[in-house]
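Structure first, then comments.
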Amino acid sequence: DEEFNELCFEFGLELDEVTSEKDIISKEKGEEKAKGASETVLYKIDVPANRYDLLCLEGLVRGLQVFKERIELPRYEKIIPAQGEGQRLIITEQTVHVRPHAVAAVLRNITFTKERYDSFIDLQEKLHQNICRRRALVAIGTHDLDTISGPFTFTAKAPSEIKFKPLNQSQEYTASQIMDLYRTDSHLRHYLHLIENKPLYPVIYDSNGVVLSMPPIINGDHTKISVNTRNVFIECTGTDLTKAKIVLDIIVTMFSEYCEKPFSVEAAEVVYPNGKTHIYPELAYRKEKVRPELINKKIGISETPSSLAKLLTRMCLKSHVIGNGNNLEIEIPPTRADVIHACDIVEDAAIAYGYNNIQMTIPKTYTIANQLPLNKLTELLRLDLAAAGFTEALTFALCSQEDVADKLGMDLSATNAVRIANPKTAEFQVARTTLLPGLLKTIAANRKMPLPLKLFEISDIVVKDPSTDVGARNYRHLCAVYYNKSPGFEIIHGLLDRIMQLLEVPPTEENGYTIKATEGSAFFPGRCAEIFAKGQSIGKLGVLHPDVITKFELTMPCSALEINIEPFV
């Protein structure tokens, strides 16, 4: 296990944990439920999201074997059948508004075992979740070619006109009934929304009218593949042609090693509504040129061109030196759709060289670090507020709409709050516009603590501001609350004086600070004052209104102070 962990790390992967089905179930559901589960050792491996070629055992093993230089990278080839003998997929113009694109290929004389078959199904599922964006961009269908006869037609029809027996069902249903049938299915219900509101549903037929599949929902039962299937017809339909090509390439390159002629794929012809034809899979190899000194400079190593070529070849990017060692020519195989720029090639060279083997150096640039003045002031104030007997709280930057508006007696539109478009919970709907609700919720959660409770927080609040590039602005606020049997206004007022003393702001009109009586929706009438300093209003202090206190589920009087500290930086 340790050796394998080491190998994964060298290859740029992470062995997450060594576990078994039994362990996983007992962790999640308790030991009782885990009885009888398999104890086979499972490796959980973290694969980067762009490496679709490592999503199945076949690809992972092949990649590691090439990396260890035990095998050479196989050459994938497509066999184009004689004229009129290959499979054809005809796309009709009805599909244009639902799923306009389709690609296809055939795996001939393939030999499945239980493990290979499971891996084949599993790879499709992983691709569906990843590059296919939960089947929204691409949906994969694999069929037993011996049960159907081409040419195949990809069209779109009204739901009531489509009727077939879906995978693993015992009777025929119309498309509308299928949608109702799977509305409660834990796995398939997530995909129904992709087509259910469309007037026409996509569907693929063979030449005898047998339904292969209704993408992206379900395949027909007639064409289902099994361990004994010898010839597999693969179709990928979607709204994104590039992604569909990549998905098809990955599936055929991963599993063509089990064909009678390993690593060969039989091509299929796709006929477009305008009569044009195209042969798939593309299995395109392409050449890129990268200068060795660029690779060395970016990584911070000094390797010879030939050793860089060897490193890249180990990463499945077959490379050789050209032009007197001034250039590397790198061949990108069809399995590596993630290589789209020279920096991807440099990254692979760095992985093969070994991140741990790169010498650490002191950076050439010489800079003196400095704390942001606002943060420095915040740190100094935190220390002194704690010395004044107040306890620091750290609360969430997001809160509910009620917290910043209704509970403080304000209207939401007046708060200028930034709202989250798709909040996960009611507690996190808007960014806070004041620190007060967070502190009051903290007191509510700590009502068992002995009184008085004296809390403070210095953090950012967020308000909408159309004049900024992001449409919002942060302000650093200081908020303090005192909660006891009596309101303790004098304690909060005393704290304000202490803060001003520390900031060296005198209690005078001219260039000092003053407080003037005012009314605030959250404060008790006649018990609220606005604080002015540096010629501007910086906040309020006062005794909280009883309504506010009860809305936050508190029972004692409470006084509060909240100011903006940015003018004092």
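The values are calculated or read from the model by the stated rules, or taken from the named source; none is laboratory data. Nothing here was measured: the structure is a model prediction, and the numbers come from that model. Heads up, the Cβs are rebuilt from the backbone with ideal geometry, glycines too, and the neighbour counts pull from every protein chain shown. Keep in mind that these areas ignore ligands, DNA and RNA; they rest on the heavy atoms of the full protein, side chains included. Shrake-Rupley method; radii C 1.70, N 1.55, O 1.52, S 1.80 Å.
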Problem - Rounded FRET efficiency, nearest 0.05, which uses the C-beta distance separating residue 425 from residue 505 and R0 of 41 Å - result: 0.50
Fill in the blank from the handout: If R0 = 22 Å, then residue 117 and residue 43, at their Cβ-Cβ distance, give a FRET efficiency to the nearest 0.05 of 0.65
Exercise for the section: Write down the accessible area per residue of the chain in Å², having rolled a 1.4 Å probe over the full set of protein chains. Expected result: 52
Exercise for the section: For residue 481, tell me the accessible area in Å² from a 1.4 Å probe, rounded to the nearest 10. Expected result: 0
Exercise for the section: Quick one: pull the percent of accessible area on the stretch 426-540 belonging to carbon and sulfur, 1.4 Å probe, ligands and nucleic acids left out. Expected result: 53
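Would you mind working out the magnitude of the charge dipole of the stretch 77-280 relative to its Cα centre, with +1 at each Lys and Arg C-beta and -1 at each Asp and Glu C-beta, to the nearest 20 Debye? Kindly include the intermediate steps, with their values, before the conclusion.
On the way: 22 positive and 23 negative charges, 90 e Å.
With Lys and Arg at +1 and Asp and Glu at -1, about 440 debye.
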Exercise for the section: Give the accessible area for residue 534 in Å² (nearest 10); use a 1.4 Å probe, count only protein heavy atoms, and leave out ligands, DNA and RNA. Expected result: 120
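Using the structure shown, list the pairs from 78/245; 376/441; 114/224 with a Cα-Cα distance above 20 Å, or answer none.
On the way: 78/245 14 Å; 376/441 28 Å; 114/224 15 Å.
The answer is 376/441.
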Completion exercise
Computed for the chain: size of charge dipole around the Cα centre, +1 on C-beta of each Lys and Arg, -1 on C-beta of each Asp and Glu, debye to nearest 20, value 620
Exercise for the section: Show which lysines lie in cross-link reach of residue 157 when reach means a straight Cα distance below 20 angstrom and same-chain residues fewer than eight apart are skipped. Expected result: 165, 198
Problem - Leading residue at positive end of dipole, the stretch 321-397 (Cβ point charges), from 389, 340, 325 - result: 389
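How high is the FRET efficiency between residue 394 and residue 532 when r is their beta carbon distance and R₀ equals 41 Å, given to the nearest 0.05? Before the final figure, lay out the partial values.
Numbers: r = 29 Å, r/R0 = 0.71.
The computed FRET efficiency comes out at 0.90.
Dipole magnitude of the stretch 286-357 about its Cα centre, charges +1 at Lys/Arg Cβ and -1 at Asp/Glu Cβ only, in debye to the nearest 20? Don't jump to the answer; show the numbers that get you there.
Details: 10 positive and 9 negative charges, 26 e Å.
The calculation lands at about 120 debye.
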Practice task
Please report, as a whole percent, how much of the solvent-accessible surface of the stretch 286-357 comes from carbon and sulfur atoms (probe radius 1.4 Å).
Solution key: 50
Practice task
Leaving ligands, DNA and RNA out of it, report the carbon-plus-sulfur percent of the accessible area of the stretch 77-280 at a 1.4 Å probe.
Solution key: 48
Practice task
Specify the inter-centroid distance of the stretch 326-361 and the stretch 69-94, based on alpha-carbon positions, in whole Å.
Solution key: 29
